[in-house]
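These notes concern the structure reproduced below.
The values are calculated or read from the model by the stated rules, or taken from the named source; none is laboratory data. Because the structure is a prediction, the values reported are computed rather than measured. Glycine gets a Cβ as well: all are built from the backbone with ideal geometry, and neighbour counts include every protein chain shown. What goes into the accessible areas is simple: the full protein's heavy atoms, side chains included, and nothing from ligands, DNA or RNA. Shrake-Rupley method; radii C 1.70, N 1.55, O 1.52, S 1.80 Å.
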Amino acid sequence: MKKIIYIMAIILTTISCSNAQKTEFSKEALVYELTEKSGEKATFQSILDANKGKKVVIEIWAGWCGDCVKAMPKVKELQSKNPDVAYVFISMDKSMEKWLEAVEKHDLSGQLYWVNDPKMMKGEFGKSIDLDWIPRYIILNEKGQIVLYRAIETDFDKIEKALKD
């Protein structure tokens, strides 16, 4: 019986640690190059640097993702309530064409980037930010520090709280 309790304790500890909120991005994430609408490349680090001094909402999404599309009205509401916040949309779409179609269809406004990786969520960038679900939201404070690392479409109350704090 003691062995079972010990094993359960290890499993629970492992699970709770794997879902912990990170406080910084991995080196792999920071050097990853994302594609802009113009076709130019920008490292994730350069995007973060360009937004220093602002609160930032990063949304990882895709046009084919039903939960992402369902959350779009909430994102637009968040944008209207928080106009001083920078919004960075990072797409996991399969092609640049599909990404641009989805941007236009959903009338997204903010900083728009595409992860050019055929493995999409399971690719290099996805692994570097522990991507296991989309939409995924990451919130940064004015100093560029992560205040919320792992939020999904049902966590808008957490997102709003993180933006207010």
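Output wanted: per-residue J couplings in Hz (rounded whole) for region 27-33, from phi through Karplus 6.51 cos²θ - 1.76 cosθ + 1.60, θ = phi - 60°, x for Gly and Pro.
Listing the rounded values in order: 4, 4, 5, 5, 8, 5, 9 Hz.
Carbon and sulfur: what percent of the chain's accessible surface (1.4 Å probe)? Intermediate results must be reported in sequence, preceding the final value.
Values: 5460 of 9610 Å².
Carbon-and-sulfur percentage of accessible area, whole number: 57.
Name the long-range amide H neighbours of residue 151: under 5 Å, sequence gap of 5 or more, or other chain; modelled H, no Pro or chain starts.
Amide H neighbours of residue 151: 137.
If I take R0 = 30 Å and measure r between the Cβ atoms of residue 43 and residue 79 in this structure, what FRET efficiency does the formula 1/(1 + (r/R0)^6) give, to the nearest 0.05? Please list the in-between numbers first.
Working: r = 25 Å, r/R0 = 0.82.
In this case the efficiency is close to 0.75.
Can you list the residues, at least 5 places off or on another chain, whose amide H is less than 5 Å from the amide H of residue 43, using H built in the peptide plane?
Residues meeting the criterion, in which the H sits 1.01 Å from N, are 34.
Return the FRET efficiency for the residue pair residue 157, residue 107: r is the Cβ-Cβ distance, R0 is 25 Å, and the value is rounded to the nearest 0.05.
On the way: r = 25 Å, r/R0 = 0.99.
Given R0 = 25 Å and the Cβ-Cβ separation, E is 0.50.
What percent do you get for the relative contact order of the chain when only Cα pairs under 8 Å and 6+ apart count? Display every interim value, and only then the final one.
On the way: 253 pairs, mean separation 45.6, N = 165.
Contact order relative to length: 28 percent.
Quick one: dipole size for the chain, taken about the Cα centre, charges +1 on Lys/Arg Cβ and -1 on Asp/Glu Cβ, in debye to the nearest 20. Numbers along the way, then the final one.
On the way: 25 positive and 25 negative charges, 130 e Å.
Dipole magnitude for the chain comes out near 620 debye.
Take the cross-link list 70/122; 22/158; 74/122; 76/98 and give me the ones stretching past 18 Å between alpha-carbons. If you can, show how the numbers build up before the last one.
Values: 70/122 22 Å; 22/158 15 Å; 74/122 26 Å; 76/98 21 Å.
Too far apart for the 18 Å limit: 70/122; 74/122; 76/98.
For region 26-165, report the accessible area per residue in Å² (1.4 Å probe, heavy atoms, rounded to an integer). Show your work: numbers first, answer last.
On the way: 7190 Å² over 140 residues.
Value for region 26-165: 51 Å² per residue.
Across region 109-123, in residue order, what do the Karplus-derived ³J(HN,Hα) couplings come to in whole Hz, using 6.51 cos²θ - 1.76 cosθ + 1.60 with θ = phi - 60° and x for Gly and Pro?
So the Karplus estimates, Gly and Pro as x, are 10, x, 8, 10, 9, 10, 8, 7, 9, x, 8, 6, 4, 8, x Hz.
Read phi for every residue in region 142-159 and hand back ³J(HN,Hα) as whole Hz from Karplus 6.51 cos²θ - 1.76 cosθ + 1.60, θ = phi - 60°, with x for Gly and Pro.
After applying 6.51 cos²θ - 1.76 cosθ + 1.60, I find 5, 8, x, 8, 6, 10, 8, 9, 9, 10, 10, 5, 8, 10, 5, 5, 5, 5 Hz.
How far apart, in nm, are two points set 7 Å out from the Cα along the Cα-to-Cβ line at residue 23 and at residue 54?
Distance between the two pseudo-spin positions: 2.6 nm.
Quickly estimate the mean residue ellipticity at 222 nm for the chain, helices only: each DSSP H run with n ≥ 4 gives -39500 (n - 2.57), and the total goes over all residues, rounded to 500.
Numbers: 7 runs with 69 residues, N = 165.
Taken over the chain, the calculation gives -12000 deg cm²/dmol.
Arrange the peptides 98-108, 59-69, 31-41 so that the one whose residues have, on average, the most other Cβ atoms within 10 Å appears first.
Working: 98-108: 15.8, 59-69: 19.4, 31-41: 13.7.
With the highest mean Cβ count within 10 Å placed first, the list reads 59-69, 98-108, 31-41.
Once region 68-165 is represented by equal point scatterers at the alpha-carbon sites, with solvent omitted, what log10 I(q)/I(0) does the Debye formula produce at q = 0.10, 0.12, 0.15, 0.21 Å⁻¹?
For region 68-165, the Cα-only Debye profile gives -0.27, -0.39, -0.63, -1.24.
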